[in-house]
Amino acid sequence: MADRRSFLSEGAVTYAYLLLYIALSSGQIFFNKWVLSSKEINFPYPLGLTLLHMVFSSVLCFLLTKVFKIMKVEEGMTLEIYTTSVIPIGAMFAMTLWLGNTAYLYISVAFAQMLKAIMPVAVFILGVAAGLEVMSCRMLLIMSVISFGVLVASYGEINISWIGVVYQMGGVVGEALRLIFMEILVKRKGLKLNPISLMYYVSPCSAICLFIPWIFLEKPKMDARGTWDFHALILTLNSLCTFALNLSVFLVITHTSALTIRVAGVVKDWVVVLLSALLFADTKLTLINLFGYGIAIAGVAAYNNHKLKKEASRGSSDDKQRTESMQLTSSSSLASEK
């Protein structure tokens with residue numbers, strides 16, 4: 001009875017973390033859209049907003065790990081790993097957030113989420129190019145289904161802005177490259193970092209990568225419009241929500257798995273698409289939109305299922321190798337005793 005109560009309690013905590021992640025992720029998307037496009041806030045500077053997020057994250061990570069020592073930064077980082085892996089990850093992370101936030105100035109939140117469904121295709125193509133993935137007929141079919149679904153969803157978009165599409169697809173490519181660099185960091189360099197440690201190393205690098213273009217692209221505009229008198233409380237709260245979102249990702253992965261958060265991300269995307277139709281006037285969903293997005297999500301689900309089976313088979317293969325190694329060690333030990 002006690003074991004059952006403990007199991008139910010643990011399950012409730014896991015679902016609570018999942019709901020927290022979905023709520024924070026969806027809320028952050030709407031929050032960013034409101035800050036960037038609201039006439040009341042008057043802050044249409046996606047590069048500046050992203051830079052603020054990274055600076056805030058860098059300072060908060062430093063306070064949590066080095067000053068208050070509430071969390072610990074994992075060891076193993078070297079100058080070689082930082083320059084060859086962390087800096088590219090930071091640069092791609094900056095690119096992803098910058099271009100993704102800029103897209104909200106041109107396209108609706110719902111359409112942006114639909115375009116994000118193409119992510120597995122970009123990750124797979126770049127993975128094949130980097131030698132991390134193997135081309136197969138099954139994966140080619142899955143990628144075709146996702147691409148077709150996104151194409152149909154785009155065809156059904158009423159107020160399409162190709163500038164916004166280019167920005168969003170650029171963000172997708174940046175995110176795909178970031179994931180590829182992270183996989184290289186874990187697989188080839190053998191370094192495993194929790195999200196807090198990762199943000200501790202990546203955030204300052206991303207901030208520097210954003211600061212340089214911000215000086216030339218947005219700072220002159222902000223000076224000209226006198227936008228330095230912005231809503232400090234709202235922008236601080238926005239940055240805090242971004243950091244809380246990253247922390248919720250850590251909590252979900254700790255209590256479940258990386259695959260679970262990918263599935264939760266699919267649920268979150270549907271929540272964002274449907275809620276954006278209610279919250280924003282620029283969102284006009286059509287049946288073709290929803291039909292195409294449904295096809296794309298079916299392809300994403302097939303992709304996640306394929307990755308799950310691949311990870312499971314890899315895990316069983318590693319267990320088999322460890323067992324054989326233990327048997328060989330045991331046999332050699334017995335031989336030496338004889």
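Subtracting the Cα-Cα distance from 0.36 nm times the residue separation, let me have the gained length for TYR82 to LEU308 in nm, one decimal.
Numbers: separation 226, 0.36 × 226 = 81.36 nm, distance 2.95 nm.
Taking TYR82 through LEU308 to full extension adds about 78.4 nm, to one decimal.
Over segment 78-232, average the accessible area per residue using a 1.4 Å probe and give it in Å², no decimals. It would help to have the intermediate numbers written out before the result.
On the way: 7270 Å² over 155 residues.
That works out to 47 Å² for each residue.
So what are the ³J(HN,Hα) numbers for segment 76-83, from phi and the Karplus equation (6.51, -1.76, 1.60; θ = phi - 60°), rounded to whole Hz, Gly and Pro as x?
Karplus-based 3J(HN,Hα) across segment 76-83 equals x, 6, 10, 5, 5, 5, 5, 6 Hz.
Determine, from the Cβ-Cβ distance of ALA23 and VAL67 and an R0 of 45 Å, the FRET efficiency 1/(1 + (r/R0)^6), rounded to the nearest 0.05. Could you put the intermediate results ahead of the total?
On the way: r = 29 Å, r/R0 = 0.65.
So the FRET efficiency works out to roughly 0.95.
Starting from the Cα gyration tensor of segment 69-154, take the square roots of the eigenvalues, sort them a ≥ b ≥ c, and report rounded, prolate or oblate (rounded when a/c is under 1.5, otherwise prolate if a/b is larger than b/c, else oblate).
Values: a/c = 2.71, a/b = 1.39, b/c = 1.95.
Since a/c reaches 1.5 but b/c is at least a/b, the shape of segment 69-154 is classed as oblate.
In nm, to one decimal, how far is the modelled label at LYS189 from the one at THR14, with both set 7 Å along Cα→Cβ?
3.1 nm
Just to verify a number: what accessible area does MET71 come out at with the full protein assembly present, 1.4 Å probe, Å² rounded to tens?
60 Å²
Label segment 106-226 by shape, choosing from rounded, prolate and oblate, from the square roots a ≥ b ≥ c of the eigenvalues of the Cα gyration tensor; if a/c is under 1.5 it is rounded, and otherwise prolate applies when a/b is larger than b/c, oblate when it is not. Mind showing how you got there, number by number?
Values: a/c = 2.78, a/b = 1.10, b/c = 2.53.
Judged from the Cα gyration tensor, segment 106-226 comes out oblate (a/c at least 1.5, b/c at or above a/b).
Assuming a ≥ b ≥ c are the square roots of the Cα gyration tensor eigenvalues, decide whether segment 130-178 counts as rounded (a/c under 1.5), prolate (otherwise, with a/b larger than b/c) or oblate.
Numbers: a/c = 5.08, a/b = 1.45, b/c = 3.51.
Oblate, since a/c reaches 1.5 and b/c is not below a/b.
Pop a pseudo-label 7 angstrom from the Cα along the beta-carbon direction at both SER37 and LEU140 and give the gap in nm to one decimal.
3.9 nm
Given a 1.4 angstrom probe, I'd like the percentage of the accessible area of segment 85-201 that is carbon and sulfur, rounded to a whole number. Let's see the in-between values first.
Numbers: 3540 of 4860 Å².
Using a 1.4 Å probe with all protein chains present, segment 85-201 comes out at 73 percent carbon and sulfur.
Using 0.36 nm per residue of separation minus the Cα-Cα distance, give me the extension gain between LEU151 and ILE288 in nm, one decimal.
Values: separation 137, 0.36 × 137 = 49.32 nm, distance 1.03 nm.
Result: 48.3 nm gained on full extension.
Mind ranking TRP162, TRP34, TRP214, TRP270 by accessible surface for me, highest first, 1.4 Å probe? Before the final figure, lay out each step's value.
Working: TRP162 170, TRP34 105, TRP214 25, TRP270 75 Å².
Heavy-atom accessible area, descending, gives TRP162, TRP34, TRP270, TRP214.
Note down the accessible area of LYS116, probe 1.4 Å, to the nearest 10 Å².
Using a 1.4 Å probe on the heavy atoms, I get roughly 70 Å².
With a 1.4 Å probe and all protein chains kept in place, how do ARG262, ARG138, ARG178 rank by accessible area, largest first?
On the way: ARG262 75, ARG138 115, ARG178 40 Å².
Ranked from most to least accessible, the order is ARG138, ARG262, ARG178.
Please give the length that would be gained between CYS241 and GLU74 if that part of the chain were fully extended, namely 0.36 nm times their separation in residues minus their C-alpha to C-alpha distance (nm, one decimal). Kindly include the intermediate steps, with their values, before the conclusion.
Numbers: separation 167, 0.36 × 167 = 60.12 nm, distance 2.39 nm.
Result: 57.7 nm gained on full extension.
How many nm separate the modelled label positions at ALA224 and ILE163, each set 7 Å beyond the Cα in the direction of the Cβ?
1.4 nm
The values are calculated or read from the model by the stated rules, or taken from the named source; none is laboratory data. Computed from a predicted model, the values in this text were never measured in an experiment. As a convention, Cβ positions derive from the backbone with ideal geometry for all residues, glycine included, and neighbour counts pool all protein chains shown. Ligands, DNA and RNA are stripped out before the accessible areas are found, and what is left, the full protein with its side chains, is counted by its heavy atoms. Shrake-Rupley method; radii C 1.70, N 1.55, O 1.52, S 1.80 Å.
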